[in-house]
1. Pairs, please: C-beta under 6 Å, at least 6 apart or cross-chain, first residue under 24 Å from GLY109 (Cα atoms) and β-branched (Val, Ile, Thr) and in segment 187-204, second open to solvent by 60 Å² or more (accessible area, probe 1.4 Å) and assigned to a helix (DSSP H, G or I)?
2. Look through VAL184, VAL215 and report the one residue that is free of Cβ contacts under 8 Å to residues at least 60 places away in the same chain and either of a type in the set (A, V, I, L, M, F, W, C) or part of a helix (DSSP H, G or I) (or both).
3. Within the bounds of segment 11-22, is there any residue that is in contact (Cβ under 8 Å) with a residue 40 or more places away in the chain, surrounded by 15 or more Cβ atoms within 10 Å (Cβ to Cβ) and more than 21 Å from MET280 (Cα to Cα)?
4. Of the conditions (1) buried (at least 18 other Cβ atoms within 10 Å of the Cβ); (2) within 20 Å of ALA210 (Cβ to Cβ); (3) at pLDDT below 80, LEU301 fails just one. Which one is it?
5. For segment 127-140, does any single residue satisfy the condition of being at pLDDT below 90 and surrounded by 19 or more Cβ atoms within 10 Å (Cβ to Cβ)?
6. With the condition kept exactly as written, say whether any residue in segment 118-139 is under 17 Å from the mean Cα position of the chain (by Cα) and either part of a helix (DSSP H, G or I) or more than 24 Å from LEU69 (Cβ to Cβ) (or both).
7. Kindly indicate which of PHE61, PHE113, PHE102, PHE94 is aromatic (Phe, Trp, Tyr), touching a Ser or Thr at 6+ places or on another chain (Cβ under 9 Å) and surrounded by 22 or more Cβ atoms within 10 Å (Cβ to Cβ).
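The values are calculated or read from the model by the stated rules, or taken from the named source; none is laboratory data. Given the structure is predicted, the values throughout are model-derived calculations rather than measurements. As a convention, Cβ positions derive from the backbone with ideal geometry for all residues, glycine included, and neighbour counts pool all protein chains shown. Please note that ligands, DNA and RNA were not included when accessible areas were found on the heavy atoms of the full protein model with its side chains. Shrake-Rupley method; radii C 1.70, N 1.55, O 1.52, S 1.80 Å.
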Amino acid sequence: QSALNLSTVSEFVFVGLSDAPEIRLLLFVLFLLIYLATIAGNITLLVAISTDSHLHSPMYFLLGNLSLLDLLCATITVPKMLGALLLEHKKISFSGCLLQHFSLITAVGTEIFLLTVMAYDRYVAVCHPLRYPSIMSTRLCAQLALGTWATGLLNSLLHTSLVFTLSFCGPNKIQQYYCDIPPVLALSCSPTRSRELVILLVAGVLGSSACAVTVVSYICILLEILARDSPGIWQKAFSTCGSHLTVVCLFYGTTICTYVRPSFTYSPHWDRIVSMLYGMLTPLLNPIIYSLRNKEVKCALKRVISWVRRAL
């Protein structure tokens, strides 16, 4: 029965962001520039972290993983959208849609857990500075990073199996520019309520757990700052945690708007805007936020840029 279900619809069609040719061209140029800037920013940050010995620490190892995830998030969705805007290649095969969905949910889930690990890293840096090297050892960092990727992968396997083993036998127009959970579920001709509840439950438990660890980490940081009450402590703490806190707020804000709600509240036009905020602006802004707030990253980026100039 499941094989029959999977073969009913062989392809999906993305509904374009705009049908007006002049608007499509403008959007193509705008999104292409944002995508190229995202790729350049995150690759530059990765090169800086890997080549600069000053950045060979747990914080920057985790930041490198974040940049890699941002590269993946943008590359999974944006090229297909650009093709739809310029060439009107709006079709995607069932297996292509499944792969895109699986890859995206893996990247999103991994990023949630990685930001949680980064919050714990900042907690150790502020509350246990003398023990920081021994607590956040290279071995522990590698294990935590591997754990985030493994959890993101398993979470995505569950979500993808729940969505793509449904029956798809009628409409195949996805009201989005990529294969996301709500618009794909909306096309199923099987009852989806029980699977939606499982998806919401799993996402809720994992997401709320990650969010709780992040919040508790920052509450402990705040209590530590208030307990010390020494001159310049607020500025030092903000320089240590400001970038991560900004990225967390940006990520959770857009992710909650995109995913944490039932399907009856789904609005195609609003969702496209929110998805673009998450899928394009977040990966673009993350390296900017870290480079603006961190002197070590600034210096490393300047060295990389000057090296590229000399090479050219």
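1. Going by the 6 Å Cβ cut-off, there are no qualifying pairs.
2. Among VAL184, VAL215, only VAL215 is free of Cβ contacts under 8 Å to residues at least 60 places away in the same chain and either of a type in the set (A, V, I, L, M, F, W, C) or part of a helix (DSSP H, G or I) (or both).
3. Among the residues of segment 11-22, at least one is in contact (Cβ under 8 Å) with a residue 40 or more places away in the chain, surrounded by 15 or more Cβ atoms within 10 Å (Cβ to Cβ) and more than 21 Å from MET280 (Cα to Cα), which makes the answer yes.
4. (2)
5. No, that holds for no residue.
6. Checked against the condition, which is being under 17 Å from the mean Cα position of the chain (by Cα) and either part of a helix (DSSP H, G or I) or more than 24 Å from LEU69 (Cβ to Cβ) (or both), segment 118-139 yields at least one hit.
7. Values: PHE61 fails: surrounded by 22 or more Cβ atoms within 10 Å (Cβ to Cβ); PHE102 fails: surrounded by 22 or more Cβ atoms within 10 Å (Cβ to Cβ); PHE94 fails: surrounded by 22 or more Cβ atoms within 10 Å (Cβ to Cβ).
When all the criteria are applied, what remains is PHE113.
Yes/no per residue for (1) within 24 Å of LYS295 (Cβ to Cβ); (2) of a type in the set (A, V, I, L, M):
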{"residue": "SER50", "(1), (2)": "yes, no"}
{"residue": "SER53", "(1), (2)": "yes, no"}
{"residue": "TYR60", "(1), (2)": "yes, no"}
{"residue": "LEU63", "(1), (2)": "yes, yes"}
{"residue": "ALA74", "(1), (2)": "no, yes"}
{"residue": "LYS80", "(1), (2)": "no, no"}
{"residue": "LYS91", "(1), (2)": "no, no"}
{"residue": "LEU99", "(1), (2)": "no, yes"}
